[in-house]
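The values are calculated or read from the model by the stated rules, or taken from the named source; none is laboratory data. In this text the structure is predicted, and so the values were computed from the model without any measurement. Neighbour counts are summed over all protein chains in view; Cβ atoms, including those assigned to glycine, are modelled from backbone coordinates with ideal geometry.
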Amino acid sequence: MTDAAAQPQQPLPPPPAAPPPVAWSPWVVRLAVLGLAVVLVVAFATRWDRWIGSAARQTTTDAYLQSDITPLSAQVSGVVRDMPVGDFQWVKAGDPVAMIVDDDYRARVQQAEAALEAADAAIAQLDIQKRTQRALVDQAEANVHGLEAEAWRARLEESRQRSLSEQGVAGTLQALQQAQATSRRAQAALEAGQAQVDQQKAALDGIDVQVRQAQATRLQRQADLDIARIMLDRTTIRAPADGMVGQRQVRPGQYVGQGSQIITLVPLPAVWVIANYKETQMTRIRPGLPATIRIDSFPDVTLAGRVTAQSPASGSQFALLPPDNATGNFTKIVQRIPVKIVLDGPNPLQDRLRPGMSVVVTIDTDRADTDGDVKEGGQENGT
């Protein structure tokens, strides 16, 4: 064995120790977390509206069924004679729903008819007077023609006698004087006849004025009769369309005034949806987009519809007191825009839908971008 083998083996040096971990101060950690949160909040806030508006399906629960609810009111005053319909009854267009006692109105119609007949009789009487007066005018004009002939003969005789007198024929002076007197009388008679013609024509013109007045009176009497008949017809209140009536608000024997509400008509099954979407959801909503509707009363049934129109202003603008943010402190509140959605028909709930029912509406905007063009992809947003 050699000396090297006889020497003991030296142990290896230990590996270097790992550096101690960096000790982060709790304040540094908190500041880092807070900074990251601020960055996320700012990014989320600045992109929130764009994210909401670009969602492929816009959903809202602020939606209800609506219809043309028509309050039927009395157009004339009187005592209710009969109510042929009951509460919540189906009616057809033209069916009577209430009748008012019409005795007074029938009497007014008869009175107006009598006044119209009197006006017709007055016109007929004036027509007779007009024909008589026209005959008098013709007679006066014929008389004038005769007087003109007499005046012409008298002037001719006067001229002849003057010519003889100028020739010195004996006895012609007296004849000339007689001829002159006869000519003057004939001329005076002619002027009187012409005045008589003018007088008879003036009387005829006066009758024409009376005829026009009588015709105007007849038109007034005809209008009075038409109004009386209209008022008589209005004693029967009829349904303007097919549908269902609500609760009766009057009973037989009750007095109603003009404008008093009698009953309400709902033209079922004609209903549609008004969905109040937030303004941030309106980015891609356009008329013509398809929609799905779920009625709260029938959660297992999904109906199809289509957007037909959007309100010209937000709902707050139609309030009795619209908001005025021009003065004072301002707090921004997201406005809602009513959107009208018509149901595709027929549908399984057509006879069971009622105005006022709450619904959940989802509009598929997947094919519409911000300019209303076709586009694929997107996400879903609901309110």
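Among the residues making up region 97-126, a single one is under 30 Å from Met244 (Cβ atoms) and acidic (Asp, Glu): Asp102. The strands (runs of 3 or more DSSP E) found wholly in region 55-143 and carrying at least 3 residues that are hydrophobic (A, V, I, L, M, F, W, C) occupy 96-100. Based on this model, can you work out whether Pro338 counts as part of a loop (DSSP other than H, G, I, E, B), at pLDDT 90 or above and not basic (Lys, Arg)? Taking the combined requirement at face value, the residue does not satisfy it. When Arg306, Arg294, Arg286 are checked against the criterion of being farther than 30 Å from Asp87 by Cβ and in contact (Cβ under 8 Å) with a residue 40 or more places away in the chain, a single residue qualifies: Arg286. Set side by side, the residues Ala188, Ala203, Ala241, Ala181 differ, and just one is surrounded by 13 or more Cβ atoms within 10 Å (Cβ to Cβ) and over 30 Å from Ala270 (Cβ atoms), which is Ala203.
Within region 113-167, the set of residues being in contact (Cβ under 8 Å) with a residue 60 or more places away in the chain and under 16 Å from Gln215 (Cβ atoms) comprises Ala115, Leu116, Ala118, Ala119, Asp120, Ala122, Ile123, Leu126, Asp127, Gln129, Lys130. Checking every residue in region 304-322 against the condition of being surrounded by 11 or more Cβ atoms within 10 Å (Cβ to Cβ) and over 28 Å from the mean Cα position of the chain (by Cα) gives at least one match. Taking the numbered list (1) under 27 Å from Asn347 (Cα atoms); (2) under 30 Å from the mean Cα position of the chain (by Cα); (3) free of Cβ contacts under 8 Å to residues at least 24 places away in the same chain in turn, Asp226 passes all entries but (1).
All of Glu113, Glu141 fail the test of being at pLDDT 85 or above, touching a helix residue (DSSP H, G or I) at 6+ places or on another chain (Cβ under 7 Å) and surrounded by fewer than 17 Cβ atoms within 10 Å (Cβ to Cβ), apart from Glu113.
Total residues in region 214-254 satisfying the condition of being assigned to a helix (DSSP H, G or I) and among the hydroxyl-bearing types (Ser, Thr, Tyr): the figure is 1.
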